[in-house]
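Novice: Next up is a structure, given as structure tokens.
The values are calculated or read from the model by the stated rules, or taken from the named source; none is laboratory data. Just so you know, these numbers come straight off a predicted model, no measurement behind them. Here the Cβ positions follow ideal geometry from the backbone for every residue, glycine too, while neighbour counts run over all protein chains shown.
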Amino acid sequence: MKKHLLILSVCWLAGHWCCGQSPADDKRQRKADRLAHKYIITDGHVDLPFRLVARNFRLEKQFLGIPISNTDGDFDYERAKKGGLSAPFMSIYVPSSYQKTGGAKAFADSLINMVQGIAKAHPDKFALANSPEEVAKNFKLGLISLPMGMENGAPVENNLQNIAYFYQRGIRYITLTHGTDNQICDSSYDTTRTWNGLSKFGESVVREMNRVGIMVDVSHISDSTFYQVMRLSQAPCIASHSSCRKFTPGFERNMSDDMIKLLAKNGGVIQINFGTNFLDGKAQAHNNQLRDQLTAFLATKGITGARSPEARPYLAEFAKANPSLFADVEMVADHIDHVVKLAGVDHVGLGSDYDGVGDTLPTGLKDVSQYPNLIYVLLKRGYSNQDIEKICYKNVFRVWNKVLDMNQK
């Protein structure tokens, strides 16, 4: 999330990712739509809270409609209902800058307050959820659940008691670090290698998360940190928004084949990130070259924001001239296929990083209304209803329940 963001945008393009389907494909698309609403869909990582705080959202009457219906960003209630999204984990994202300036815990609390406030303001649409059981209850009532995961363990500070504190506040996973090394461990994006994996305090954090009942999220951590977590954790772990390194060689933020197999051996789940840079190494390199070119071009027109209305005609022309800018929904399915081949269908899920990967989302999965497009591709590739049910929620629920059970011992 928030790393390697591409400023190109075709997000205003609406509708299904494909057209001119055969009757058999039309039937399969209708089935995909049905399954998207029949099954719970849980997404491991949606960055709505940080997007809202960046846009100066406040829990006041004139702002409360923003999470319901909004053309900005990738998530709102109306689009989520259209796509069948039932339980998006709200990312309590704490930028690495707070590790230097202080205030990480207070900032995390402010985002938790925001999520709680949204649910309280719209009880006919949203509800908090601290367990799979609560998600299932909300689903039967037609409500979208808002479980929470913390991205960056910086708010734990140097106090293990804060883990239980955040559990009580509704946090159900913690991504151990984010863009730089913190007090817990090393980051995949940092080259400093402060701890060569986990710090001593970080080892205690993993044990305490196991004890309290918070899932350990291995996204964003360095490879050495990952292997140390696997040896230490008594509970299965998740990668809430990571993809397969096979398709992005050298991109440590994604998981290698060996890591995916070990995560599965420990009972865990990798939740596939939808960002183009996570899906396609060739597109990632191409986009990095084009980014500066487009920025300079827009600057000659006096345009500094790629999402501004003034930029749209230029972006449309640029996208037309560069059709390989984005991955597509098929590439997301390729990553799912790869995990299934390595570890089995019990160890893969969805972790889109909606509202977190900027304008890099793949064709066919541009916002939360389009999960049926992915289900359609999986059906076309021969996945059974039971397989799709596992990918949509059952795999993550298994890990989540297992971790919560440890809290009861």
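Novice: Suppose the filter is of a type in the set (A, V, I, L, M) and over 16 Å from G351 (Cβ atoms); does M150 pass it?
Specialist: So M150 fails the test.
Novice: Still on this structure, please answer the following. Do you know which residues across the stretch 316-368 are among the basic types (K, R) and not in a loop (DSSP other than H, G, I, E, B)?
Specialist: Matches in the stretch 316-368: K320, K341.
Novice: Of all residues in the stretch 97-127 being surrounded by 19 or more Cβ atoms within 10 Å (Cβ to Cβ) and in contact with an Asp or Glu (Cβ under 9 Å, 6 or more places away or on another chain), which is nearest to F75 (Cα to Cα)?
Specialist: A127
Novice: Moving to a separate point now. Which residues, counting only those in the stretch 114-137, are over 20 Å from the mean Cα position of the chain (by Cα) and touching a residue at least 40 places away in the same chain (Cβ under 8 Å)?
Specialist: G117, A121, H122, K125, A136 - these are the residues of the stretch 114-137 that are over 20 Å from the mean Cα position of the chain (by Cα) and touching a residue at least 40 places away in the same chain (Cβ under 8 Å).
Novice: Give the residues of the stretch 159-179 that are under 18 Å from Y98 (Cα atoms) and in a strand (DSSP E or B), sorted by residue number.
Specialist: I174, T175, listed by residue number.
Novice: Further, regarding this structure: Can you report the number of residues in the stretch 52-100 which are assigned to a helix (DSSP H, G or I), of a type in the set (G, A, S) and without any contact (Cβ under 8 Å) to a residue 60 or more places away in the chain?
Specialist: The total comes to 1.
Novice: If only one of L350, L365, L315, L404 is closer than 19 Å to T71 by Cβ and modelled with pLDDT of 95 or more, which one is it?
Specialist: L365
Novice: Further, regarding this structure: Of the residues that sit in the stretch 266-283 and are buried (at least 24 other Cβ atoms within 10 Å of the Cβ) and polar (S, T, N, Q), which one is farthest from D328 (Cα to Cα)?
Specialist: Q271
Novice: What are the pairs, 6+ residues apart or on separate chains, where a residue within the stretch 165-181 that is of a type in the set (K, R) has its Cβ under 7 Å from a residue that is surrounded by fewer than 23 Cβ atoms within 10 Å (Cβ to Cβ)?
Specialist: Hits for this filter: R169/I112; R172/N130.
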